[in-house]
Amino acid sequence: MTLETSIQPLSPIPGDAGFSRPSLEWLARRAEPVAIALFAVLAGLALFSLFIFVLGKSPVQLFTLLYTGGFGSWFSLQNSLSRAAPLLLTGLCVALPARLGLVIIGGEGAVVLGGVAAAAIALPLTGSVAPPLVWLAMGIAGMVVGGIWIGIVGVLRHYRGVNETIASLLMAYIAIALMNHMIEGMLRDPASLNKPSTTPLPAEYMLGNIPGMDVNWGLAIGVAACVLSYILIETTSFGFAARIAGGNVRAAQIQGLPVGRLIVGFTALAGGFAGLAGMVEVAAVQGSANASLAAGYGYTGILVAFLARHNPLAIIPVAILLGGLDAAGGLIQRRMGLPDATVLVLQGTLFVAILFCETLYGRFKIFNPDLWKSPDLSKRSA
């Protein structure tokens, strides 16, 4: 038998027309979280429709107003993008520790303390230092204070075995109390009578809008933070070690990975992003630190992170979606006679649907990458 006759031609591989097997395998791995997340959103909206129907309102009108108020015009879209800016950063506060198997839900505390720290450091600098340097100092102060606050949760978790979920939530309430104490005490502007706050930033020291848009620079900061976080997690040895530790802490310890430093480092970085969100609220929105810092962005960030499956890049579209829902709250209140908190009920319904849909992962064969793996060519030659 000659060499030419001993080699049998390979039979065609189904699916090779248009897509190669590696491409289909790659697509299967990434399609499952997208498909299940979309299903969770649709299921949550369906459940919320029943709630609205029981109240005697039209679900069709509700969803029409949600679209109109959040994305129906350039004005409403810009409003949604502005509200999405802090959600990008608070979403990272939940998503980054989640890669280590930690559930941090107290990002609100880092937001408020980061905002207070940013306002406090800006007070002696305004008037004598250029605005860009003041913004840099405010950002560093917000990230350091926020990082320390959530980093303490990581320390308690690793070295004392304290549950990080409960610790972060309780520390959020402590942080809000500290914020109120400081803005009503040592940092209070005597001119702020009805609503205690720090001394307002001069107009030239406010963080302006992105050119051509009525959206502050917080959006660009949040998007950049998401991209950098993705690079950190997916392309660096530090991120790889965090993924290993998140999958099996015991195995990571056996391999000699610094689990303690990973936990403290990731929680501190997560808190730093939440503190940066507080800085943006002060420098771009409020102009001072006041009670409005506790706007619930830290809690909405939990929903953002879970819906995005803790993927930093997926946080970007999810934050814009939830920012649009929040932006439409006022329109719903005026047109349908519903309270503004209706949007909060919708967010809660979505969160419940997301938790339920977590049980669907791995149940659909079409999303199994092994189904699309290239066959072993060595077994197909005669």
**Item:** Residue within region 312-321 that is surrounded by fewer than 20 Cβ atoms within 10 Å (Cβ to Cβ) and closer than 30 Å to Tyr205 by Cβ present
**Value:** no
**Request:** Return a yes/no flag: does region 354-373 have any residue that is at pLDDT 80 or above, more than 12 Å from the chain's Cα centre (by Cα), farther than 30 Å from Thr235 by Cα and of a type in the set (Val, Ile, Thr).
**Result:** no
**Request:** Look through region 179-225, keep the residues that are assigned to a helix (DSSP H, G or I) and touching a Phe, Trp or Tyr at 6+ places or on another chain (Cβ under 9 Å), and return whichever of them is surrounded by the most Cβ atoms within 10 Å (Cβ to Cβ).
**Result:** Gly222
**Request:** Identify the single condition in (1) buried (at least 24 other Cβ atoms within 10 Å of the Cβ); (2) within 14 Å of the chain's Cα centre (by Cα) that Ala328 does not satisfy, given that it satisfies every other one.
**Result:** (2)
**Message:** Between a residue in region 122-137 that is farther than 19 Å from Ser197 by Cα and modelled with pLDDT of 95 or more and any residue that is surrounded by fewer than 15 Cβ atoms within 10 Å (Cβ to Cβ) and not basic (Lys, Arg), which pairs come within a Cβ distance under 7 Å, given they are 6 or more apart or on different chains?
**Reply:** none
**Prompt:** Where in region 3-88 are there helices (runs of 4 or more DSSP H), lying wholly inside it, with at least 3 residues that are surrounded by 13 or more Cβ atoms within 10 Å (Cβ to Cβ) and modelled with pLDDT of 85 or more?
**Reply:** 21-54, 59-71
**Asked** Got at least one residue in region 258-280 being in a loop (DSSP other than H, G, I, E, B), touching a Pro at 6+ places or on another chain (Cβ under 8 Å), buried (at least 18 other Cβ atoms within 10 Å of the Cβ) and modelled with pLDDT of 90 or more?
**Response** no
**Prompt:** When only residues in region 329-344 that are among the hydrophobic types (A, V, I, L, M, F, W, C) and assigned to a loop (DSSP other than H, G, I, E, B) count, which is nearest to Thr68 (Cα to Cα)?
**Reply:** Leu338
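The values are calculated or read from the model by the stated rules, or taken from the named source; none is laboratory data. None of the values given here were measured: they were computed from a predicted structure. Because the Cβ atoms are built from the backbone with ideal geometry, glycine has one as well, and the counts that use them run over all protein chains shown.
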